[in-house]
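The values are calculated or read from the model by the stated rules, or taken from the named source; none is laboratory data. Everything quoted here is computed from the prediction, not taken from an experiment. Cβ sites come from the backbone with ideal geometry, for glycine too, and all protein chains shown count toward neighbours. Calculation scope for accessible area: heavy atoms of the full protein, side chains included, ligands and nucleic acids excluded. Shrake-Rupley method; radii C 1.70, N 1.55, O 1.52, S 1.80 Å.
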Amino acid sequence: MDISRTDLLRPATLRDATAIQRRIADLVDPRDSAAAPSRAAGLDVSANIRAADAVIHAAAVVLDWPSLALAATGGASEPAPFPYVPGYLGFREAPALAAAIASLPAEVRPDLLFVDGQGWAHPRRCGIACQIGVALDLPAIGVAKSILVGEIAGTLGPAPGDAARLVWKGETVAVALRTRARANPLFISVGHRVSLDGAVAHVRAALRGYRLPEPTRLAHLAANVRRRGG
């Protein structure tokens, strides 16, 4: 499918969305970016996901890297541009997230994205982290709270830092990572311009005693504040 990066987030039909996801999957670079990050942004939304008239409240929280000192917060609220369809959730959320990033001051734009959602661990290898990463051509990591495809291979230990592969159709698509004792794991996957090992290392470096890494934890809080009109 011949399509520009600027058109990757707003398909006209479900058929177009499927074609766009396959095109994005072809464009994903699963290698680490040559440059070390200086700022990381957490991305998350708050919305009634299944409502036909949902408004997507998106937040982008930028932290200096690796100190994780808060640098800036951006946000955007937009009507959901695409219906709720399992496997295509990114088309409801990604445009508002891109607008939230665009709202940030130019001097604090991020060079690494922690996206609340899937990356490669998706039926068409195109979760929202891939969509945002490719559309903006920024390194991106999928930080998901649940499994969309695949099964954990072997036993995932109970201690923080324990990890196990998430395997789908015979291939590793993510890493199940225990980030806090007695907490359910997160599922870390490639979004764009970050290797799987690199993604896991970045998430581990961003943990501060919570289940979520600090970028997505703060983005989750900011998106909820925005939804409440705070």
Worksheet, complete the sentence: Checked pairs for region 183-195, first under 13 Å from Ala129 (Cβ atoms) and outside any strand (DSSP E or B), second open to solvent by 10 Å² or more (accessible area, probe 1.4 Å) and of a type in the set (A, V, I, L, M, F, W, C), C-beta under 9 Å and 6 or more apart or across chains, list as Arg193/Val28; Arg193/Leu138
Worksheet entry | Residue count for region 193-225, restricted to those that are open to solvent by 30 Å² or more (accessible area, probe 1.4 Å) and more than 21 Å from Ala69 (Cα to Cα) | 3
Worksheet item: Looking at Arg39, Arg31, Arg50, which is the one that is touching a strand residue (DSSP E or B) at 6+ places or on another chain (Cβ under 6 Å), among the charged types (D, E, K, R), open to solvent by 50 Å² or more (accessible area, probe 1.4 Å) and over 15 Å from Ile132 (Cα atoms)?
Response: Arg39
Discussion item. Within region 53-81, take every residue that is assigned to a strand (DSSP E or B) and polar (S, T, N, Q) and give me the one that is surrounded by the most Cβ atoms within 10 Å (Cβ to Cβ).
Written reply: Thr73
Discussion item. Just to be sure I understand, how many residues within region 196-216 are in contact with a strand residue (DSSP E or B) (Cβ under 7 Å, 6 or more places away or on another chain) and assigned to a helix (DSSP H, G or I)?
Written reply: 8
Worksheet entry | Flag if Ala129 is in a helix (DSSP H, G or I), at pLDDT 95 or above and open to solvent by 10 Å² or more (accessible area, probe 1.4 Å) | no
Discussion item. Of everything in region 161-182, what is assigned to a loop (DSSP other than H, G, I, E, B) and out of contact with any Asp or Glu (no Cβ under 7 Å at 6 or more places or on another chain)? Give them in sequence order.
Written reply: Gly161, Asp162, Lys169, Gly170, Thr179, Arg180, Ala181, Arg182
